[in-house]
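The values are calculated or read from the model by the stated rules, or taken from the named source; none is laboratory data. Only a predicted model underlies this, so the values are computations on that prediction, with no experimental measurement involved. Note that each Cβ is placed from the backbone with ideal geometry, even for glycine, and that neighbours are counted across all protein chains shown.
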Amino acid sequence: MINLRQNLIKQILVFVLIAPLLGGCWDRLEIEDRAVVLAIGIDEAKPGDEKESSNATHIRKQDEGANRDLIRITVQIAVPGRIPLGTGSDGGNPSKQKPVWVLGSVGHTVDDALMNLQQQLSHRLFYGHLRVIVLSEAVAKRGIQNENDFFRRQPQVRRTVWMVVSKGLAIDILNATPQLERVPTLYLLATLEHAREMGKLPNIFLGVFLSASSAKGQEGIIPYLELKKESNIEIAGLAYFRNDKMVGSSTALQIGQYMAVKEINPSGYSILQQMPDSETLVVYQTTHRKSKITTKIRNGKVHAIIKCQVEGNLKEKSNEEILITKENMKKLEEKIKKDAESGIRAFIQQTQHDGCDIFGFGEYVRAKQSAYWNKQIRTKEAWEAAYKEMSFEVSMETKIRRIGTKTK
């Protein structure tokens, strides 16, 4: 009798433990019932766009001041069954059918605009496959506090999403029709990923940008893009921010200088130089970088010492008759060294003028001179002022490893 009771109790316990697991799919949402967002573009709203604003989240006011600072959200939504499965694949659909649906809405905030957009869709917006966020330069310079807050809070958005700034309108980037890829977002994503792999862009995902922007001694950077003819997208430089506002941008060559200071490899940028004592032009491509940053306190101010080592190859020579000798190689290395040092100095001074420490010198001060930081700096705003007055010195070592077959 006791054994029967024990067995009955065991069976009841097993049932009680298993029963909650049987309802694991009660809140499931089929993928066909989701509007999968691949990319989001954010622009300033134009005059008259306030008419598109919905009253889904608030009572729309008609006075002019109430519709100020509206933004336009543009999204790329994947169309089920039309995304190509491989090279040359059309998914069984005619090539004229677009694989993505581009639509937009306006609102006072990102979530407000997306809620207005949701009112126009039968499927729920899903951000788990979001790959690229494009900000127009006007929005970036106005400030992206709201945008940062929304993407921080949205659990579906991955930290590996690329956030970029467009020199023009963000909607133009999303409407681009590149020839190498049917899905514009995948082409833009491939542009950024391949640039990172080739050493032309640092690894600056959304999560990296948010982390740098939150640090007391550093500011965030993101890629700065420009739309060219035939829907080509050029990486024009880096957009850098201060207090969530874009305050400046770099050139494409300065990306390489930034990566040299930060010791980011591989190295993929080439430099056009003139051979000493001749009219011959050569192309020098860096292949590897080393860097060491130290900070000291001099006369009550921060002093940074940046030592860089760069190795590379001689890729091209405009005049085949000019032979390469040990003497002119040493002169060429010295010339590359001086130009690199002056370029890095100019770039650091540019960011100092803007009060934007994208190199993270302030984090070195926090780590190595904590007593000075805790007494003199302490806040992000104080470091912005101190960074403008910071002194520094740059030294560069350049080595040409491979020079070709014709030497003397």
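Below, the figures for the structure above:
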{"item": "Test: residue in region 56-66 that is among the small types (Gly, Ala, Ser) and either part of a loop (DSSP other than H, G, I, E, B) or modelled with pLDDT of 90 or more (or both)", "result": "yes"}
{"item": "All positions within region 111-137 that are in a helix (DSSP H, G or I) and either at pLDDT below 95 or not assigned by TED's automatic domain parsing to the domain that holds residue 239 (or both)", "result": "111, 112, 113, 114, 115, 116, 117, 118"}
{"item": "Candidate set from region 243-290 (those that are surrounded by fewer than 20 Cβ atoms within 10 Å (Cβ to Cβ) and among the basic types (Lys, Arg)); member that is farthest from the chain's Cα centre (by Cα)", "result": "290"}
{"item": "Count of region 282-301 residues which are hydrophobic (A, V, I, L, M, F, W, C), farther than 17 Å from residue 399 by Cβ and touching a strand residue (DSSP E or B) at 6+ places or on another chain (Cβ under 6 Å)", "result": "1"}
{"item": "Pair list, Cβ < 6 Å and 6+ apart or interchain, from region 310-329 residues that are among the basic types (Lys, Arg) to residues that are exposed (fewer than 11 other Cβ atoms within 10 Å of the Cβ)", "result": "none"}
{"item": "Qualifying residue in region 152-162 (condition: over 19 Å from residue 220 (Cβ atoms), in contact with a helix residue (DSSP H, G or I) (Cβ under 8 Å, 6 or more places away or on another chain) and in contact (Cβ under 8 Å) with a residue 12 or more places away in the chain)", "result": "no"}
{"item": "Filtered residues of region 336-382 (kept if within 21 Å of residue 209 (Cβ to Cβ), in contact with a Ser or Thr (Cβ under 8 Å, 6 or more places away or on another chain) and outside any helix (DSSP H, G or I))", "result": "357, 358, 359"}
{"item": "Hey, residue 394 in contact with an Asp or Glu (Cβ under 6 Å, 6 or more places away or on another chain) and farther than 30 Å from residue 322 by Cβ or not", "result": "yes"}
{"item": "Residue in region 162-182 that is under 14 Å from the mean Cα position of the chain (by Cα), within 19 Å of residue 126 (Cβ to Cβ) and assigned to a loop (DSSP other than H, G, I, E, B) present", "result": "no"}
{"item": "Hits in region 356-390 - residues which are among the hydrophobic types (A, V, I, L, M, F, W, C) and surrounded by fewer than 18 Cβ atoms within 10 Å (Cβ to Cβ)", "result": "367, 371, 382, 385"}
{"item": "All positions within region 383-402 that are part of a helix (DSSP H, G or I) and more than 26 Å from the chain's Cα centre (by Cα)", "result": "386, 389"}
{"item": "Residue count, region 346-384 (criterion: under 17 Å from residue 241 (Cβ atoms) and free of Cβ contacts under 8 Å to residues at least 40 places away in the same chain)", "result": "3"}
{"item": "Subset tally (residues that are over 19 Å from residue 69 (Cα atoms) and surrounded by fewer than 18 Cβ atoms within 10 Å (Cβ to Cβ)) for region 126-159", "result": "10"}
